[in-house]
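Take a look at the structure set out below.
The values are calculated or read from the model by the stated rules, or taken from the named source; none is laboratory data. Computed from a predicted model, the values in this text were never measured in an experiment. Here the Cβ positions follow ideal geometry from the backbone for every residue, glycine too, while neighbour counts run over all protein chains shown.
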Amino acid sequence: MKEAQGISIQTLGSEHLDVMRAMLSMFGEAFGETATYTAAQPDDAYLQGLLASDAFFAIAALAEGQVVGGLAAYLLPKFEQARAEIYIYDLAVAQPHRRRGIATAMIEQLKHIAAARGAYVIYVQADHGDDPAIALYTKLGIREDVLHFDIPLERG
């Protein structure tokens, strides 16, 4: 666990179910999508398996034991070369704790994990209009403008 300005940065493992659930609640509040992140959470066995996986990373920022930031990322093995990349799927900091370097500290923690896993790059997407995220990622990396498409699946 690393410390930064009174905030501890913790990489979560299967023993951190309570922190992971608090991180899900924080994501819901930060993104204005509380139901998405809290209404149908997976059971403990699912979350423990995910947190124990070599392909999923959860990093929490804690202030006085409370989750104030979170990052969820996935390791993606590549097929064109024997290498992997890491995709930051979600990253958020609770409103009262923003602009204090917490997101950068979580990404720095992920960079150490990525290097240890032999990943060659970490990538993330930001939505148009999310100026704070765009500013953060521009500061940390090289910007590529791409289009993202969700392809719905038929259930039946």
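Please determine, by comparing only the residues of the stretch 5-20 that are touching an Asp or Glu at 6+ places or on another chain (Cβ under 9 Å) and surrounded by 13 or more Cβ atoms within 10 Å (Cβ to Cβ), which one is nearest to L62 (Cα to Cα).
I9
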- prompt: Could you count how many residues in the stretch 77-96 are at pLDDT 90 or above and not in a loop (DSSP other than H, G, I, E, B)?
  reply: 11
query: Does Y74 meet the test of being closer than 18 Å to Y37 by Cα and assigned to a strand (DSSP E or B)?
result: yes
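Grab the helices (runs of 4 or more DSSP H) fully contained in the stretch 1-52, keeping just those with 3 or more residues being over 17 Å from the mean Cα position of the chain (by Cα) and modelled with pLDDT of 95 or more.
Here the list reads 44-52.
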statement: Of the residues in the stretch 86-96, those that are surrounded by 22 or more Cβ atoms within 10 Å (Cβ to Cβ) and more than 10 Å from the chain's Cα centre (by Cα) come to I86, V93
field: Top-ranked residue of the stretch 97-133 - restricted to ones that are over 16 Å from A61 (Cβ atoms), within 12 Å of the chain's Cα centre (by Cα) and modelled with pLDDT of 80 or more, ranked as surrounded by the fewest Cβ atoms within 10 Å (Cβ to Cβ)
entry: Y123
statement: Residue hits (the stretch 69-83; within 14 Å of I113 (Cα to Cα), surrounded by fewer than 17 Cβ atoms within 10 Å (Cβ to Cβ) and not hydroxyl-bearing (S, T, Y)) are L76
